[in-house]
Amino acid sequence: MASLKQLCKKPELFSKGHRACAGCGESLAVRQVLLAADQPIVTVMPTGCLEIFSSIYPHSAWQVPMIHTAFETSASTASGVETAYRFHKKMGRMKEDVKFIAFGGDGGTYDIGFQALSGAVERRHKFLYVCTDNEGYMNTGIQRSSATPMGAHTTTSPAGTKIPGKKQHRKDIMEIMIAHDLAYAGQTTVALWNDLVTKVQKALAADGPTFLNVLVPCPLGWQYPGDRTIEVSRLAADTCFWPVYEFDNGRYKINHLPKEKLAVEEFLKPQGRFRHLFTHPEGKDVIAEIQRHIDAKWALLQKKAEVLG
Amino acid sequence: MILAKTGNEAMAYAMKQINPDVVAAYPITPSTEIVQIFSNYVHDGLVDTEFVAVESEHSAMAACIGSAASGCRTMTATASQGLALMHEMLFIAGGLRLPIVVPIASRSLSSPLNIHADHSDSLASRDSGWMQFFCETVEEGYDSLIMAVKMAEKCSLPAIVSIDGFILSHCMERIEALDEQKVRDWLGPYKPNWNLLDLDRPILVGPATLQDYYYEFKRSQIEGMRTALPKVQEVMADFEKTFGRGYGVLEEYRCEDAEAVALLMGSASGDMRQAVDRLREQGGKVGMVKLRVFRPLPHELLRKTLTRFKTVAVLDRADSVNSFVGPLYNEVAASLYGAENQPELLSYVFGLGGKEFSPDDAARILEGALAGRKDETVTYVGVR
Ligand SMILES: Cc1ncc(C[n+]2csc(CCOP(=O)(O)OP(=O)(O)O)c2C)c(N)n1
């Protein structure tokens, strides 16, 4: 648990002046993650929005060491950096204890960088991987990823007259990562800053590789006004569209229990990317299927928390 | 110490003596053994290296970049499809000026799949900002790998050292191994220009650059390669002084009064050497120019050397599939453009996918060159 008072006193490691869109959820997440860390940290990021808005030469928003190599290489680059660190430590060339944080968009994590992530985690490199999940390839202009939810309009799963947006459900990356026998994995979203900060601290304290999946609303891609990012983020949690939970040493715990589990329409309505679902002839069925999927996943998660809590 | 070693064993042995800080690698025929043998050294505690058995060559090079950027002397080994899979990352290592060193057992590229020697893999990476060295023998491979570490660090450029797949990688030859301590002393510790893990001086490695700065970064990288040759030569001279084995950027064999010479890279130079001897016995004024350093391209030296001859047969162990000539020919021709006393240039493509190339084939090329034959743009040697 962190207090806002304490966090406010900490130096900003992700400085203002970067070029993210107004209301960018990803930039908020990165700032909160860096604020959470109490130790020296070294960071890695892939190609994507984050890299573009934080590192256009000769400017940099990073007050901590940062390396970017390519799009699918956040985890593999982190493998090399962390290995170098272990070498320096072994040879007595470095004294400080350093923590490593690798970021990745959902494209860089669920899709093109997935193999590298799975490999790095299997090899037990000690780093925290933070997926800033905005449910699409935003940097290249909002294309579908395997994190894009069913029904969403993206530029490669457009809301057409025949096909109303993305046809498939998202990939359950949390369960896939948990299946790698992680000591800690957590899912949260930017509205829940305290939960996010706590999860980062738990993950950094855990032994071995750890994983965080952070839902970061994207005003441009999700089509809502930039001042509603936190609200949309909260609606994702309160509809259980985005379950906020953790897997801590074999135990599942739900960290955010909505007072009243809202219907998914509450989350869909403010976003232009789902607008067509309310007019398209098949839209009703799609919304019903999204709700069914949410309910099934939520029930399963509750079971897990009950049995493995 | 005299040892009998295959090319792969010798490359792994060189790596043991180099004792790199980090190795991240993935197996592929015909270079697999380098990685296998080296992991034995790691597990038997004969090196200090942290070894990472990554899940792909793409990740191997990404991890190498991460490690080298974090102040570690870093190596991997690969070939063919592996180098092709690294392709994207090769440019990033080059652009970041990281002195990663990679022995490769050169092999053709699919399709069709083939595991045998040619230079398609490294030559397809020729514009990625890596130095490239080609070797004729196992011992030359061994020496070149050790030298490459020093060259790479001196020039802040990554380096590939090629031995031909199977022909050298799996062929046992006699090598005179250098004294391990002497090798380590000669190399000294790696002193990086900058280090991601320097917490007192946080840096951002690999920024985005737009129209305003990208070209300047690239121009500076280009300058790094442009000024590399004298540094490469210095290291060769230093190696010779220390270990008594000398290498040039290119090697002339019986070229003194030659009228026609063959220019080539890699193990086929051995066949060409025999062919030169044979023709010389019959009074043929022929010779061989073996090119050891392909990147940086020693264009001035090529020009100075090749303008002494009437005819130069350029042998490419790869083809550019450009409806014209092979990659080496292209670069040799460009080096000679505008020179006085231009030799006649003949283009030969040979040995793709390990196709047998014999001293007889080499002799026929020299005979053709002597006769000034030029009946086709390119002669595809030995193809059915
Ligand atoms: C190998 C490769 N393929 C494609 C691209 C183009 N590209 C750059 S960023 C990006 C999408 C990034 O999406 P994501 O990882 O979700 O991050 P976001 O920009 O949404 O934060 C793509 C497709 C690339 N840079 N490299």
Unit charges at the beta carbon, dipole of chain A: most positive-side option, A:Ser233, A:Phe53, A:Gly151: A:Phe53
Alpha carbon centroid spacing (whole Å) that separates the range B:126-195 from the range A:23-55: 39
Stokes-Einstein diffusion coefficient for the range A:9-101 at 25 °C in a medium of 0.890 mPa s, Rh from the Kirkwood formula over Cα pairs: what value in µm²/s? 173
Fewest Cβ neighbours within 10 Å first, please rank B:Tyr26, B:Tyr214 accordingly. B:Tyr214, B:Tyr26
Going through the range A:94-164, which GluC sites (Glu not before Pro) have at most 14 other Cβ atoms within 10 Å and a DSSP loop state? A:Glu96
Among A:Gln39, A:His256, A:Pro270, whose Cα projects farthest towards the positive end of the dipole of the range A:4-307, with charges put on the beta-carbon of Lys, Arg (+1) and Asp, Glu (-1)? A:Gln39
Compute the label zone of A:Glu96 within the range A:32-59: residues whose backbone N is under 20 Å from the point 7 Å along Cα-to-Cβ. A:32-45
Quick one: if you stick a label point 7 Å off each Cα along the C-beta vector at B:Leu210 and A:Leu262, how many nm between them? 3.7
By Cβ neighbour count within 10 Å, fewest first, B:Ser269, B:Ser39 rank B:Ser39, B:Ser269
Roughly how crowded by other chains is peptide A:58-68, in terms of the mean Cβ count from those chains within 10 Å of each of its Cβ atoms? 5
Between the range A:222-274 and the range A:193-207, how far is it from one alpha carbon centroid to the other, in angstrom? 19
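If you restrict to DSSP beta bridges whose two residues both lie in chain B, what percentage is antiparallel, to the nearest 5?
Close to 20 percent.
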B:Gln36 paired with B:Ala339, simple spin-label distance in nm, labels 7 Å along Cα-to-beta-carbon: 4.4
With a Förster radius of 25 Å, plug the Cβ-Cβ distance of B:Ala371 and B:Glu281 into 1/(1 + (r/R0)^6) and report the FRET value to the nearest 0.05. 0.90
Spelling out what I want: for every residue of the range B:310-320, take phi, set θ = phi - 60°, compute 6.51 cos²θ - 1.76 cosθ + 1.60 (Karplus), and round to whole Hz; glycine and proline get x. 7, 9, 10, 8, 9, 9, 9, 9, 5, 10, 7
Which residues qualify? For A:Tyr252, with a placed amide H closer than 5 Å and at least 5 residues away or on another chain, they are A:Leu308, A:Gly309
Using the Cβ atoms and a cut-off under 9 Å, what net charge is assigned to the surroundings of A:Lys126, where Lys and Arg are +1 and Asp and Glu are -1? +1
Convex hull over the Cα atoms of the protein assembly as shown, averaged projected area in nm²? 34.0
Pairwise centroid distance, computed over Cα atoms, of the range B:16-84 with the range A:98-161, Å: 28
Name the long-range amide H neighbours of B:Ile100: under 5 Å, sequence gap of 5 or more, or other chain; modelled H, no Pro or chain starts. B:Ala159
Among the aspartates and glutamates, which fall within straight-line cross-link reach of A:Lys171, defined as a Cα-Cα distance under 15 Å, with same-chain neighbours fewer than 8 residues apart omitted? A:Asp106, A:Asp111, A:Asp133, A:Glu135
Tell me the trypsin sites (Lys or Arg not before Pro) within the range A:5-96 that lie in a loop according to DSSP and have at most 10 other beta-carbon atoms within 10 Å. A:Lys16, A:Lys95
So how do A:Glu306, A:Glu82 line up by other beta-carbon neighbours within 10 Å, fewest first? A:Glu306, A:Glu82
Along its principal axes, what span do the Cα atoms of the range B:312-382 show, with the longest given first and each in whole Å? 36, 27, 18
Taking N as its residue count, the alpha carbon Rg of chain B over 2.2 N^0.38 Å: 0.97
Rounded to a whole number, the Stokes-Einstein D of chain A in µm²/s (Kirkwood radius over Cα pairs; 20 °C; 1.002 mPa s) is 109
Treating only the Cβ atoms of Lys and Arg (+1) and Asp and Glu (-1) as charged, compute the dipole magnitude of the range A:51-152 about its Cα centre; round to the nearest 20 debye. 660
Eligible lysines near B:Lys154 by straight Cα distance, threshold 30 Å, same-chain separation 8 or greater: A:Lys89, A:Lys90, A:Lys95, B:Lys5, B:Lys16, B:Lys182, B:Lys191, B:Lys218, B:Lys231, B:Lys241, B:Lys290, B:Lys304
Mind listing the phi-derived Karplus ³J(HN,Hα) values for the range B:212-221, rounded to whole Hz, using 6.51, -1.76 and 1.60 with θ = phi - 60°, and x for any glycine or proline? 7, 10, 3, 4, 5, 4, 5, 4, 5, 5
Residues with amide H under 5 Å from that of B:Glu50, placed H, sequence gap 5 or more: B:Val22, B:Val23
Below 8 Å between Cα atoms, with a sequence gap of 6+, how large is the relative contact order for chain B in percent? 16
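With +1 assigned to the C-beta of every Lys and Arg and -1 to the C-beta of every Asp and Glu, and no other charges, what is the dipole magnitude of the protein assembly as shown about the Cα centre in debye, to the nearest 20?
1760
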Apply the Karplus curve 6.51 cos²θ - 1.76 cosθ + 1.60, θ = phi - 60°, to the phi angles in the range B:159-168 and return the couplings in whole Hz, x for Gly and Pro. 9, 10, 10, 9, 10, 5, x, 6, 4, 10
With +1 on the Cβ of every Lys and Arg and -1 on the Cβ of every Asp and Glu, the dipole magnitude of the range B:297-338 about its Cα centre, in debye rounded to the nearest 20, is 260
Please report the equivalent ellipsoid semi-axes of the range B:250-380, computed as sqrt(5 x eigenvalue) of the Cα gyration tensor, largest first, in whole Å. 19, 18, 14
Taking a ≥ b ≥ c as the square roots of the eigenvalues of the Cα gyration tensor of the range B:68-190, is the shape rounded (a/c under 1.5), prolate (a/b larger than b/c) or oblate? oblate
Assuming a ≥ b ≥ c are the square roots of the Cα gyration tensor eigenvalues, decide whether the range B:208-283 counts as rounded (a/c under 1.5), prolate (otherwise, with a/b larger than b/c) or oblate. prolate
For the charge dipole of the range B:264-309, defined by +1 on Lys and Arg C-beta atoms and -1 on Asp and Glu C-beta atoms about the Cα centroid, which residue among B:Thr305, B:Met265, B:Ala275 has the Cα displaced farthest towards the positive pole? B:Thr305
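Coordinate-derived values only; no laboratory data. Computed from a predicted model, the values in this text were never measured in an experiment. Counting neighbours? That spans all protein chains shown, and the Cβs are built from the backbone with ideal geometry, glycine included.
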